[in-house]
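**Q** Could you have a look at this structure, given as structure tokens, before my questions?
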Amino acid sequence: MKDLGTAAVLACSITNVVAFYPDGAWWTPCIMEHNARLLEVADSLGVPESFCPVRAMLGAFVTRDRFPIPDLLVCGVGATCDDFSAIAQRLSGMGHPIVWWEMPHRRPPEPGEPAVGLPGGGVAPTEQVAIVEAELRRIGQAIAAAAGQRFDENLIAAGIRRGNAIRAMLDELRTMVFTADPCPMPALEMLIAEMLAIHYCSDRNETDQVLLELRGEVERRVRSGMGVLPPDAVRVFWVNPVADLRVMNLVEDVGGRICGTDYMFTHALDAIPEDCPPMEALARTALADSMAGPVSQRADRICRDAARFGSQAVLVSRIPGASHCATEGAIIAEIVRSRLDLPVIEIEVPSNTDAIEPGLCTRLQALVETARGRHA
Amino acid sequence: MARIVYSCPFVPAEWIEAHGLSACRALPTVRCDTARSPQAGLCPFARSFSEFTAGNDYAGIVFTTACDQMRRASELAAMHTSRPVFLMNVPATTQTAAAKRIYIGELRRLGRFLKTVGGHEPDRDALVHVILRHQRMRDQPWSASGDSPSAMEMDRLEAGPTLMRKAGATSGSPGTVRLGVVGGPIPDGSPFVRQVARAGATIVLDASDSGERTRPARMEPDRLRHDPVAELARAYLAISSIHHRPNDRCFAWLRREVAARDVQGLILRRYVWCDLWHAEAPRLAESVGVPVLDLETDGETDAAAARTVSRIEGFVEILVGEFGATRRSSIALVARS
């Protein structure tokens, strides 16, 4: 739980283990059109809508009809949002044992302090990498023990290579889709493709096939100049995932397209280092999590990627109740505006946007028109 | 002497003082500013601490990662103040080698920060001396009147005794309902204690984030002499905190003290948007063995005060009327607005 991408690589590398993130239950209310009643169950447990929609996970553990209760729960804590940490603790209090591991806030190295590069372009003090490496080794040993296996770092290295093949395929797909004109693949489909990188939806082989076919389809469309949106669609960089997936369609309905994303798991998209021992490589990947460090560093990455994909506007999608969303939007907006001179707006997307859809459309339209006006 | 301001109990005042600086634990009044729209999702205490520290003449401001709101507020504060801001990693896990390694590493990093804002390398003997002086202050009985120099010094550094003294007595006045309080930090200027007294109750247990629950463990003299930094870390990592994962130790502390002080009702006083306390309200009600009032606050306004008084009065009436003020009840009750 919570680390979104790193522990899954570790788990999937161990024989007879399937990994998945219960965190993904936050999309269940949207996908099931609220028929699963997970949020209502969370309400009844004293976890109301002042919490992020990930509270649906709590409901899913109670109803037990969304996913099998895992044989082992591991959860990253420390530099994580309070919502998730609090909800995971409630799970623990309800009798679901959790193996916690420490994910320290990624800090800049002090002058002269030994540091190492991270996937995605950041750096972290060697000391922090060593701490996270030890924590991940502890988690790996716990997973192996739960599966009745011996913890073998050679298997982890193989799992990293396999994970990197998926990440490389996804990188090709994103680059093609975000840079081609007209847009060859809609935003919602691309969001789901990115999600595959987190834990392969518990099926690495199927993930390979899905990404392979998506890439083939996009290549075919790009070669023949086919697109799913008009050629003049405004290129929007999207920050944070949306709990109501329909909103990804709305931005396209008003003349936008997605060219660049930070759905809070960019560290699951970047290649895991293969030039260092496997557990150190995973530690570096975990520390590259954009949510574990300063928002200003996250904004740096957003600026770099927005420039790379030629984004014309940046949209920060606020998650209702999420502890990081109260302050991060203002910081990201200030940095993006000052460095790239792009229009930035912040919207809030709850699990169900029916009631606010007209207002959302107006704001999205304003962003698209502003960006189009600047580039006219 | 240059002053270093902080609010988190995991920042050791001893460590700051050993660097030749003055440690100031600030618990500023949380004002609900109706002239501005509140920032959705932002903890009012985190906002108040950021604004207070930016507006005062401190040599350095120390935030910690013990809650995500403060972790993130530190970055916003750093952008809007010229004063040096330090963010200290406080581990959420406590029983692991990683937690100890992180905390000791952060103490040393804090020390380097303190030297950049006017502090000096702490002398080992001076550090032990400062630690023992704090230990002696903590050893003072809580029923002290609060006007001795050491008690006032303790108030300045740890804030907890102030709340108890404002309540009038630590043992509870005869005939009044004996309440405990748990939750977020209670500001120095908060009318909360007066509100409780007005309702006919006395606070006999301050288990808030600014209260006695957040005191470090006793230092062991032998360990202290051998390695003062390691012993300081051990004592502070022993603090029971709601942010710990798992946080069973915090609940165990509460159950023990509620029973030991013969607490009749517990007020969970939490700030709006504080997920760490909010999520635990039902578990508190189930586990502490006395009725619990879940009191959400967003700041000090007349309207908020009237609402708070009304709810505390209602809670006390329930305790007196339904369960009897003179006996403890095992019935859990969560009253929400």
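Bear in mind these aren't lab numbers, they're just calculated from the coordinates by the rules spelled out. On a predicted model such as this, the values are computed, not experimentally measured, just so you know. FYI the Cβ positions are ideal-geometry reconstructions off the backbone, even for glycines, and counts take in every protein chain you see.
**Q** Using unit Cβ charges (K, R positive; D, E negative) and no other charged atoms, how large, in debye to the nearest 20, is the dipole of region B:51-139 about its Cα centre? Present the calculation step by step, with values, prior to reporting the outcome.
**A** Details: 13 positive and 9 negative charges, 62 e Å.
With only Lys, Arg, Asp and Glu charged at Cβ, the dipole is about 300 debye.
**Q** Could you rank the peptides A:251-259, B:119-127 by their average count of other C-beta atoms within 10 Å per residue, with the highest value first?
**A** My ranking of the peptides, most packed first, is A:251-259, B:119-127.
**Q** Sort the following peptides by mean Cβ neighbour count (other Cβ atoms within 10 Å, averaged over residues), highest first: B:223-230, A:235-242.
**A** Sorting B:223-230, A:235-242 by mean packing, highest first, produces A:235-242, B:223-230.
**Q** How compact is region A:56-210 by the rule of thumb for globular proteins, expressed as Cα Rg over 2.2 N^0.38 Å? Display every interim value, and only then the final one.
**A** Details: Rg = 18.6 Å, N = 155, 2.2 N^0.38 = 15.0 Å.
This ratio for region A:56-210 stands at 1.25.
**Q** Expressed as a fraction of 2.2 N^0.38 Å, the rule-of-thumb size for a compact globular protein of N residues, what is the C-alpha radius of gyration of region A:1-80?
**A** So the Cα radius of gyration is 1.16 times the expected 2.2 N^0.38 Å.
**Q** Within 10 Å of each Cβ in peptide B:305-317, how many partner chain Cβ atoms are there on average? Round it to a whole number, please. Could the numbers behind the result be given before it?
**A** On the way: counts 0, 0, 0, 0, 0, 0, 0, 0, 0, 0, 0, 0, 0.
Shielding by partners across B:305-317 averages 0.
**Q** Taking only the alpha-carbon positions of the protein assembly as shown and ignoring solvent, what does the Debye formula give for the base-10 log of I(q)/I(0) at q = 0.07, 0.09 Å⁻¹?
**A** After summing over all Cα pairs, the log10 values are -0.49, -0.82.
**Q** Same structure, new question: Taking each residue in B:86-94, count the Cβ atoms of any other chain within 10 Å of its Cβ, then average. What number comes out?
**A** 5
**Q** Using a simple charge model, +1 on the beta-carbon of Lys and Arg, -1 on the beta-carbon of Asp and Glu, nothing else, what dipole does the protein assembly as shown show about its Cα centre, in debye to the nearest 20?
**A** 1260
**Q** I'd like the per residue volume of the convex hull spanned by the Cα atoms of region A:6-374, given in cubic angstrom. Working shown, then result.
**A** Numbers: hull volume 48.7 nm³, N = 369.
Measuring per residue, one finds 132 Å³ for the Cα hull of region A:6-374.
**Q** With r defined as the distance between the Cβ atoms of A:Ala165 and B:Glu317 and R0 fixed at 60 Å, what FRET efficiency is calculated, to the nearest 0.05?
**A** 0.35
**Q** Can I ask one more? If you put +1 on each Lys and Arg Cβ and -1 on each Asp and Glu Cβ, how big is the dipole of region B:45-86 around its Cα centre, in Debye rounded to 20?
**A** With only Lys, Arg, Asp and Glu charged at Cβ, the dipole is about 60 debye.
**Q** Ignore the peptide's own chain and count Cβ atoms of other chains within 10 Å of each Cβ in B:243-250; give me the average, rounded.
**A** Counting Cβ atoms of other protein chains within 10 Å of each residue's Cβ and averaging gives 5.
**Q** Which is farthest toward the positive dipole end of chain A among A:Ala283, A:Leu315, A:Pro230, measuring Cα position about the Cα centre, with Cβ charges +1 (Lys, Arg) and -1 (Asp, Glu)?
**A** Most positive-ward Cα: A:Pro230.
**Q** In terms of modelled amide H atoms, which long-range or inter-chain residues lie less than 5 Å from the amide H of B:Ser7?
**A** Amide H neighbours of B:Ser7: B:Ala26.
**Q** For region A:91-130, report the % of Cα-Cα distances exceeding 16 Å.
**A** Everything past 16 Å amounts to 49 percent.
**Q** Quick check on packing: order A:201-211, B:10-20, A:55-65 by the mean number of other C-beta atoms within 10 Å, highest mean leading.
**A** Descending packing order for the listed peptides: B:10-20, A:55-65, A:201-211.
**Q** Arranged by the count of other C-beta atoms within 10 angstrom, fewest first, what order do A:Arg137, A:Arg150 take?
**A** Lowest to highest Cβ neighbour count: A:Arg150, A:Arg137.
**Q** For region A:143-194 and region B:180-234, what is the centre-to-centre distance using only Cα atoms, to the nearest Å?
**A** One Cα centre to the other: 47 Å.
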